[in-house]
Amino acid sequence: MEISSKLKFANPANNHGYEVVESINANKEGSYFKTIARRFAKNKVAMISLVLFIFLILAAVLAPVISPYPPNKTVGNFEAAPDSEFHLGTDEIGRDVLSRLIYGARVSLIVSMGSVAIYVIIGTTLGLISGYFGGITDATIMRITEVFMSYPYFMVILVLVSLIGPSIWTVTFVLGFLGWPPLCRLIRGQVLYIKTIDFISAAKATGYSTSSILFKQILPNVLSIILVNATFGIANAILTEASLSFLGMGVRPPAASWGNMLSNAQSLTVLSMQPWRWVPAGIIILVAVLVVNFIGDGLRDAVEGETK
Amino acid sequence: MEESKILEVKDLAISFKTFEGEVNAVRGVTFDLHKGETLAIVGESGSGKSVSTKAINRILPKKNTFIKSGEIIFEDKDLLKISEKEMQGIRGKDIAMIFQDPMTSLNPTMKIGKQIAESIIIHQHENKGNAIKRAVELLDMVGIKNPEKGSNLYPHQFSGGMRQRVMIAMALACHPKIIIADEPTTALDVTIQAQILDLMNELKDKLNTSILFITHDLGVVAQMADRVAVMYAGKIIEIGTVDEIFYNPQHPYTWGLLASIPSADLEEHNLYNINGSPPNLLYVPKGDPFAPRNEYALEIDFEEEPEMFKVSDTHYAATWLLHPDAPKVTPPIEVVRRREKFLNLKMREVI
């Protein structure tokens, strides 16, 4: 009874002839980048890191609103330990450490994102051109890249910064102009492969100009690589800025930066007796770099996709 | 078939520079394409069929290719002489191309609709909205169900057959005068292949475009072509209407090709093959390059390359067998049967 009552067509409206109809594959919805975003969202560590990084950005943007005291003014006793008034204590001339830390996020983020933006533009453009045109163009760009890569990176930065004079903008531009060669090489390698795929010939046969082949056809296909590389670049730039400021070649006092706060630790008294003057800066650098690296890892896994 | 020539290729010769030396990929190819006709170019891999058609669109790699001689006349212009800028205006607009592998011929990061619209934007300077609207119409025309939805999808969401339909829509976007189809069905399975060929035939009749159809599948040729050119070792060795090539072939190589089609209705189950392999075009042999594999080779074949002998106004073949003083030979039995069968069919039609 049960069976016979179900022995009818599930959908009477179907016509029972077979015609060859190709159907749209509805299982795989959305674009490549949506797929990457979805894979990224599944990665817990990366997602937590992203949230923390967003907090960091918000703190930097909203620094004037959320910091309890002006960062560069003497507001309390000298070298006071943390208490209910100054949560992270004060420094040698009575400035609030917490406020300086929050303003320091601005420096770190401006330098890191700014320099990465500069080197991504340079590296991507040169990498696309080098890989696509080949021949003498390629050889020239690659030799320049090698020259850039064969200098001791940090020394060149120190020399340039001391020539131009240390400031947040100097550091940003110097890091930006020195950082592009690895990305350029990476992109060139990808372009060498992508340009052999038929859709590039198809684009040529459709009448695309060379620049639209480069920027409309090839660029979207290397975007994910750029994204991953840029993320790791940000972590690196945060570290480099901190090192430079530590050495006094980065952001100039009295402006606050994580690196120049850390340079307090050069004094043995501070190191042993006043941990509030250097531990918070150390921790925030550690957290910022870790978080950005986790985001980068998550992105890389999402881009590489099914291999995991 | 109209008599107006839309494309003339004259004595085209193309070489590739390699480490080992110069590869003579195309060694003097001459043919015309008429308005509204389909000319099929058949031949083995490496016979130069793809290279000569890519030269028409000038998409051969510039670095190691050089064109030794020849003219490609399209609308009174020699496509080999005009500037790259001018060529960009012709590609996609007047001469469109359909590629072999639909899996790799579409950009994976661009929506289908946008890929089609792009060539309309480039050549007809339409705004984006109109171009996308036109793309949707084209998708509908090539038989994509739900064209609005389809235009918003990415290539990986389409099957191979659908992607080839998209390629055809892209090729048709600007009403090209010539479509070059480079083995458009080789990567598809047989049912989809039949659908794509039907679609191309239907659209060709509707839009009156000329098609240059490159293939190594003689079954496809019979279905598509008005005329056929057979290529061997970088030269056209026989050219004629599809009936002439299939039922009255003159060149021993064409005989070999036809005899090696597996046939369902012939009583004999032997499958013929052409012994040997095509010559290495690094060292083009003296005389007729086909001679070492040719069971009908004459002594002169090893000395001198044959010229094109006229069989009829539309039919030419490059074999010394057509020389008035050459010994008379009979083609292989399969070819003879084929001819008889055809003549019988013709007789019946007449009665």
Looking at B:Ile67, B:Ile73, B:Ile82 in this structure, which one is surrounded by fewer than 24 Cβ atoms within 10 Å (Cβ to Cβ), of a type outside the set (Asp, Glu) and assigned to a loop (DSSP other than H, G, I, E, B)?
B:Ile82
Qualifying residues in region B:104-133 (those that are assigned to a helix (DSSP H, G or I) and in contact with a Pro (Cβ under 9 Å, 6 or more places away or on another chain)) - the one surrounded by the fewest Cβ atoms within 10 Å (Cβ to Cβ)
B:Gly113
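So for region B:135-146 (the condition being facing chain A (nearest Cβ under 10 Å), surrounded by fewer than 22 Cβ atoms within 10 Å (Cβ to Cβ), of a type outside the set (A, V, I, L, M, F, W, C) and touching a residue at least 12 places away in the same chain (Cβ under 8 Å)), does at least one residue qualify?
Yes - at least one qualifying residue is present in region B:135-146.
Could you please find all residues in region B:88-103 being free of Cβ contacts under 8 Å to residues at least 60 places away in the same chain and surrounded by 18 or more Cβ atoms within 10 Å (Cβ to Cβ)?
Selection gives B:Gln88, B:Ile90, B:Arg91.
Please work out which residue is modelled with the lowest pLDDT, limiting yourself to region B:134-152 and to residues that are in a helix (DSSP H, G or I) and of a type in the set (Lys, Arg). Steps first, answer last, please.
Keep residues of region B:134-152 that are in a helix (DSSP H, G or I), which gives B:134-141, B:147-151.
Checking which are of a type in the set (Lys, Arg) leaves us with B:134, B:149.
Values: B:Arg134: 91, B:Lys149: 88.
Here the residue is B:Lys149.
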Can you name every residue in region B:144-179 that is within 15 Å of A:Ala202 (Cα to Cα) and small (Gly, Ala, Ser)?
B:Ala169, B:Ala171, B:Ala173
A:Ser245: of a type in the set (S, T, N, Q), over 19 Å from A:Phe133 (Cα atoms) and away from chain B (no Cβ under 14 Å), yes or no?
yes
Within region B:88-133, restricting attention to residues that are small (Gly, Ala, Ser) and at the interface with another protein chain (Cβ under 9 Å from one of its Cβ atoms), which residue is nearest to A:Ile225 (Cα to Cα)?
B:Ser105
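Conditions (1) of a type outside the set (Asp, Glu); (2) more than 9 Å from chain A (Cβ to nearest Cβ); (3) free of Cβ contacts under 8 Å to residues at least 40 places away in the same chain; (4) under 18 Å from B:Ile178 (Cα atoms), marked per residue:
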residue	(1), (2), (3), (4)
B:Ser52	yes, yes, no, yes
B:Thr65	yes, yes, no, no
B:Lys81	yes, yes, yes, no
B:Glu86	no, yes, yes, yes
Filter region B:175-191 for residues that are out of contact with any strand residue (DSSP E or B) (no Cβ under 7 Å at 6 or more places or on another chain) and surrounded by fewer than 20 Cβ atoms within 10 Å (Cβ to Cβ); the one that is modelled with the highest pLDDT is B:His175
Before we move on, is A:Ile110 within 19 Å of A:Pro253 (Cβ to Cβ) and part of a loop (DSSP other than H, G, I, E, B)?
no
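Does region A:76-106 hold any residues that are without any contact (Cβ under 8 Å) to a residue 24 or more places away in the chain and either part of a loop (DSSP other than H, G, I, E, B) or among the small types (Gly, Ala, Ser) (or both), and which are they?
A:Gly76, A:Asn77, A:Phe78, A:Ala80, A:Asp83, A:Ser84, A:Glu85, A:Phe86, A:His87, A:Ile93, A:Gly94
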Lone unmet requirement of (1) buried (at least 22 other Cβ atoms within 10 Å of the Cβ); (2) part of a helix (DSSP H, G or I) for A:Val251:
(2)
Which one of the conditions (1) buried (at least 18 other Cβ atoms within 10 Å of the Cβ); (2) part of a helix (DSSP H, G or I) does B:Pro331 fail to meet, given that it meets all the rest?
(2)
Sort out which residues of region B:148-194 are facing chain A (nearest Cβ under 10 Å) and among the aliphatic types (A, V, I, L, M), and write them in order of number.
B:Leu153, B:Met162, B:Met167, B:Met170, B:Ala171, B:Ala173, B:Ile180, B:Ile192, B:Ala194
Have a look at B:Ile121, B:Ile144, B:Ile192 and point out the one that is under 17 Å from B:Leu106 (Cα atoms) and touching a helix residue (DSSP H, G or I) at 6+ places or on another chain (Cβ under 9 Å).
B:Ile144
So for region A:211-228 (the condition being away from every other protein chain (no Cβ under 14 Å), in contact (Cβ under 8 Å) with a residue 40 or more places away in the chain and not charged (D, E, K, R)), does at least one residue qualify?
yes
Condition met for B:Ala225 (among the small types (Gly, Ala, Ser), buried (at least 22 other Cβ atoms within 10 Å of the Cβ) and either touching a residue at least 40 places away in the same chain (Cβ under 8 Å) or within 28 Å of B:Val311 (Cα to Cα) (or both))
yes
Hits in region A:82-103 (condition: out of contact with any helix residue (DSSP H, G or I) (no Cβ under 7 Å at 6 or more places or on another chain), surrounded by fewer than 16 Cβ atoms within 10 Å (Cβ to Cβ) and over 13 Å from A:Asn72 (Cβ atoms))
A:Asp83, A:Ser84, A:Glu85, A:Glu92
In region A:48-75, the residues that are in contact (Cβ under 8 Å) with a residue 40 or more places away in the chain and either among the acidic types (Asp, Glu) or assigned to a loop (DSSP other than H, G, I, E, B) (or both)
A:Pro71, A:Asn72
Can you confirm whether region B:201-211 contains a residue that is within 14 Å of chain A (Cβ to nearest Cβ) and either under 20 Å from A:Ala205 (Cβ atoms) or not hydroxyl-bearing (Ser, Thr, Tyr) (or both)?
no
If you take the residues in region A:149-197 that are in contact with a Phe, Trp or Tyr (Cβ under 9 Å, 6 or more places away or on another chain) and assigned to a loop (DSSP other than H, G, I, E, B), which one is surrounded by the fewest Cβ atoms within 10 Å (Cβ to Cβ)?
A:Lys195
Failed criterion for B:Leu33 (all others in (1) hydrophobic (A, V, I, L, M, F, W, C); (2) part of a helix (DSSP H, G or I); (3) under 28 Å from B:Ser15 (Cα atoms) hold)
(2)
Restricting attention to region B:74-91, does a residue exist that is among the small types (Gly, Ala, Ser) and touching a Ser or Thr at 6+ places or on another chain (Cβ under 9 Å)?
no
Checking A:Thr210 against (1) of a type in the set (S, T, N, Q); (2) over 15 Å from B:Thr104 (Cβ atoms); (3) crowded, with 21+ Cβ neighbours inside 10 Å, the condition it does not meet
(3)
Can you say whether A:Ile200 is away from chain B (no Cβ under 11 Å) and assigned to a helix (DSSP H, G or I), as far as the supplied structure shows?
no
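The values are calculated or read from the model by the stated rules, or taken from the named source; none is laboratory data. Just so it is clear, the model here is predicted, and its values are computed rather than measured. Neighbour counts are summed over all protein chains in view; Cβ atoms, including those assigned to glycine, are modelled from backbone coordinates with ideal geometry.
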